[in-house]
Every structure is written in C-alpha cells, then in structure tokens.
Amino acid sequence: MRTSEIQALLAQTDLDGWLLYDAHGLNPIARQVVGLKRMVTRRWFVFIPREGEPEAVIHIMEQPAFADLRAHRHTYLSWQELDQALRRIVRGRRVAMEYSPDNAIPYVARVDAGTIEKVRALGVDIVSSADLVATMLACWSPAKIALHRRAADALIEIKDAAFRLITDQISAHRTLHEYDVVQFIREEFARRGMINDGEGPICAVDANAGDPHYEPGPQGSASIGPDQLVLLDLWAKHDTPDGVYADITWTGYTGRTIPARIDSVFQVVARSRDRGVEFLAKKMEGGSTVCGYEVDEAVRTVIVEAGYGDRFIHRTGHSLGANVHDVGPNIDNLETQDRRRLQDGVAFTIEPGIYLPEFGIRSEINVLIERGRPVVTTLPLQRAVTPLL
C-alpha cells in the first residue's frame, strides 16, 4: 500500500483520512489500493490517516490475507466487535470513501448505502474519494506510459492488417464475414502477447456500425463485400503487470470513391474529435484546470451544431488503465457530469460518433496528459474514411 503517497495527498486536503471498505470483492478500488490479492468474504476496513500509522479492522479468520499490510490491526469475531473497533478509529472524523453524492460518478460509488449509514452514525463526515482514486489509480508511471505507447502502436498495425485482409479477400472474390475479421484481430493480439477484457473487438458493416456496441458473433454476422462501410474498434493491452490499455476506432469503405454522405458525416466527427484536443491544449496552456465534462461539451457542440446532436448517443470518452474502462476521469457531460480534473499521468479516449439507421461513424483516439498538455498517443489521426479497394 502506497501509504506515504496517500498521506501526502491527504495533507493537501481538509480530510482526516481515507476509509477503505470491502466485503466479498464489492469494492475493487479498495482492494487495489490495499494491494489485496486473495478473496476476502468478511467485511474489512482500512483507515489511512493524514498522519500516523494506518489501522485495519479485519475478521479473525481473514488475517492471512492481510499478512503484508503495514497497519495496526484490530481483529473482530462478532459484529459488535467490528462496530466497536470502527468507532475507536473514525468517530467524529472527516473521511473519504468510495461514495458519490447523487451517484454522480457511479464508477467510484462502490460502498453500499447501509455501510455509509453505519459510518455516518459514528458522527463521521463522509466525502467522495473520487479525486484520491483518480490520482492514486489512474495516473500512470513511466513504465505504464511506455507500455501504453507500445499497445497503441500495435493496435494501429493490427488495424492496418485487418483492413488489408478485407481488401485481399474482396479482391479475390472470397467470402468474408465480420466475425472472421474479429477472429483475425484476436489472433494478432495473441501473437503479440496482448489481451483484452474478453469482449470485442468490433467489426461492423453498414447499418451494424450504427449500433455503438454491436459485436458480431460466430453465427449470423454480416458478410463484407464491395461498396460497404466497415468500422473497426480495437482495444487491448500487453499481458504484463503494468500493462494498460490502448483503444482505437477507424472506418473504411470497400470501394474506390467514398460516398458524399459518409464523407460528410466523417468530417463532422473528425472536427469534433480535434476540437476536443484543441480545447484541452488551449485551456491547459493558459494554466486552467480542465475537467472531463468540459471536454465532452466542447466535442458535443460541434456535432450538435452540424444537426446530429440526437445521433451522438454516448459520452465522448472514458478513462484508460489496467481496465479498458478504468476509474479515472471520463470525458462526460451526458451520462454523468464528471468534474474530476484531467491531471498529469491520466489517459482517456476521445471518441465522438454519429449513428444513423444506414451506417455509423466513430473516430476514437487516446490522449495522455503529460507535462501539463494533451498528447495524442494513437497516431496517425484518421483524416478521412479509408478507401479499401
């Protein structure tokens, strides 16, 4: 557990400490902060004070799981003993927990309402740990940044190879389905020592691309032939302890000339994507703090002004990390209003999309905040729909 780093952060706040809680794996954030490797089925608390030694409340049967934890231990057998130990540690304090007022940031809201009530009944003032979580779990080390860049480069290469497969198969008049492309991409992941979350990637043709979460299965996926739009969405990380995700989306067209409507929609999406990066750069160059919701608004405005606001049906982007949708700030003022600041070391996607009945366009890039500025890590940018024949 990175106690000294957490206490340095707490020293910058008016908090007395961070109270971590879990029961049966319901709070993966707490498990990650504490460094818990084994499943623990009984309730446990770890309190990290602004100063001094952390304190843990652990069921007597679960002590071996916490053998490596540097903290003063309070063991309990009965629920009464748990309550007594917790009262001694946090009564009357102001603490952070994995809680979000109004469930504004559900990705951090991991502590159940009953436990919040139990802690509050001790005279404890509870605030959200969202900013602590973002700093401790979503800010990448140099090693993670290097692995992300490797993953981003690999995804671009795999995307190119998948587009070549489509070109070659159509040119040879061979039957090819969306699911065949998905299997090809998965094989490329495995060949490069990469893994993903068990879902995807996405290969979607024409109207299927109008569904942001369409995933072709082994049965019933669409065939890919001439004069079709093809959307590829790939996400993966290297299978190492520090591996973190990269995540991209590109669109191609299986013809020599891109239809005017498809090109027009793509250009709106690309302008909105680039507007997000420009907005970030300008605000950060001026020394302003920028939050995820502000970037979403800048991106979304471009699509709304082009008349497609009702066709952009998801947030602009999500946090990247050890999980493809991680616990850091999201680029979101639609599904939630994410007011967490975009600080050095955090990475996220910018992926606006326009989804129509006949086709959908999404352009997804990854952005890392580095030395106070946004850096696009998934280059080159797609400037136009890629002609595949």
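Give me the pairs, please: first residue somewhere in the range 106-118 and without any contact (Cβ under 8 Å) to a residue 12 or more places away in the chain, second residue anywhere and among the polar types (S, T, N, Q), beta-carbon distance under 8 Å, and either six or more positions apart or on two chains.
Note: pairs meeting the criteria are A109/S100; A109/N103.
Under the condition of being under 21 Å from R73 (Cα atoms) and of a type outside the set (A, V, I, L, M), which residue from the range 108-142 is surrounded by the most Cβ atoms within 10 Å (Cβ to Cβ)?
T115
Quick one: which of L381, L368 is over 17 Å from V108 (Cα atoms), part of a loop (DSSP other than H, G, I, E, B) and in contact (Cβ under 8 Å) with a residue 40 or more places away in the chain?
L381
For the range 9-45, which residues satisfy the criterion of being under 17 Å from L137 (Cβ atoms), of a type in the set (G, A, S) and either in contact with a Leu (Cβ under 7 Å, 6 or more places away or on another chain) or surrounded by 12 or more Cβ atoms within 10 Å (Cβ to Cβ) (or both)?
Correct list: G25, A30.
Six or more apart or on different chains, Cβ atoms under 8 Å: show the pairs whose first residue is in the range 308-321 and over 17 Å from A209 (Cβ atoms) and whose second is of a type in the set (V, I, T) and part of a loop (DSSP other than H, G, I, E, B).
So the pair list comes out as R315/T336; H318/V324; S319/V327; S319/V346; L320/V244; G321/V244; G321/V327.
List, please: which pairs have Cβ atoms under 8 Å, are six or more places apart or on different chains, and start with a residue in the range 151-177 that is in contact (Cβ under 8 Å) with a residue 24 or more places away in the chain and end with one that is charged (D, E, K, R) and in a loop (DSSP other than H, G, I, E, B)?
Filtered contacts from the range 151-177: A154/R192; I158/R192.
Could you count how many residues in the range 319-345 are among the β-branched types (V, I, T), surrounded by fewer than 24 Cβ atoms within 10 Å (Cβ to Cβ) and not in a loop (DSSP other than H, G, I, E, B)?
0
Of the numbered conditions (1) crowded, with 24+ Cβ neighbours inside 10 Å; (2) over 12 Å from the mean Cα position of the chain (by Cα); (3) not in a loop (DSSP other than H, G, I, E, B), F348 fails exactly one; give the number of that condition.
(2)
Kindly check whether there is at least one residue in the range 149-166 that is basic (K, R) and within 30 Å of P226 (Cβ to Cβ).
Within the range 149-166, one or more residues are basic (K, R) and within 30 Å of P226 (Cβ to Cβ).
Which residue pairs have Cβ atoms closer than 6 Å, lie 6 or more positions apart in sequence or on different chains, and pair a first residue in the range 73-90 that is hydrophobic (A, V, I, L, M, F, W, C) with a second residue that is open to solvent by less than 80 Å² (accessible area, probe 1.4 Å) and not in a strand (DSSP E or B)?
Final answer for the pair search is V90/V124.
Inside the range 109-128, can you point out the residues that are on the phi < 0 side of the Ramachandran plot and either modelled with pLDDT under 95 or of a type outside the set (V, I, T) (or both)? First the steps, then the outcome.
To start, the set of residues in the range 109-128 that are on the phi < 0 side of the Ramachandran plot comprises 109-122, 124-128.
Hits for the range 109-128 are A109, R110, D112, A113, G114, E117, K118, R120, A121, L122, D125, S128.
Given (1) closer than 30 Å to P241 by Cβ; (2) open to solvent by less than 20 Å² (accessible area, probe 1.4 Å), where does Q382 come up short, assuming only one miss?
(1)
From the set of residues in the range 185-206 that are in a helix (DSSP H, G or I) and either modelled with pLDDT under 95 or open to solvent by less than 50 Å² (accessible area, probe 1.4 Å) (or both), which is nearest to A151 (Cα to Cα)?
Kept after step one, since they are in a helix (DSSP H, G or I), are these residues of the range 185-206: 185-191, 206.
So of that shortlist, the ones also either modelled with pLDDT under 95 or open to solvent by less than 50 Å² (accessible area, probe 1.4 Å) (or both) come out as 185, 188-189, 206.
Values: I185: 14, E188: 12, F189: 10, D206: 28 Å.
Top of the filtered list is F189.
Here is a list: I48, I105, I89, I58. Which entry is of a type outside the set (S, T, N, Q), buried (at least 21 other Cβ atoms within 10 Å of the Cβ) and more than 19 Å from L122 (Cβ to Cβ)?
After ruling out the rest, the residue left standing is I105.
Could you tell me which numbered condition T175 fails, if it satisfies all but one of (1) open to solvent by less than 50 Å² (accessible area, probe 1.4 Å); (2) of a type outside the set (G, A, S); (3) assigned to a loop (DSSP other than H, G, I, E, B)?
Tallying (1) open to solvent by less than 50 Å² (accessible area, probe 1.4 Å); (2) of a type outside the set (G, A, S); (3) assigned to a loop (DSSP other than H, G, I, E, B), T175 fails exactly one: (1).
The values are calculated or read from the model by the stated rules, or taken from the named source; none is laboratory data. Quick caveat, the model's predicted, so the values are computed rather than measured. With ideal geometry, Cβ positions are generated from the backbone for all residues, glycine too; neighbour counts draw on all protein chains shown. With ligands, DNA and RNA removed, areas are computed over all heavy atoms of the protein, side chains included. Shrake-Rupley method; radii C 1.70, N 1.55, O 1.52, S 1.80 Å.
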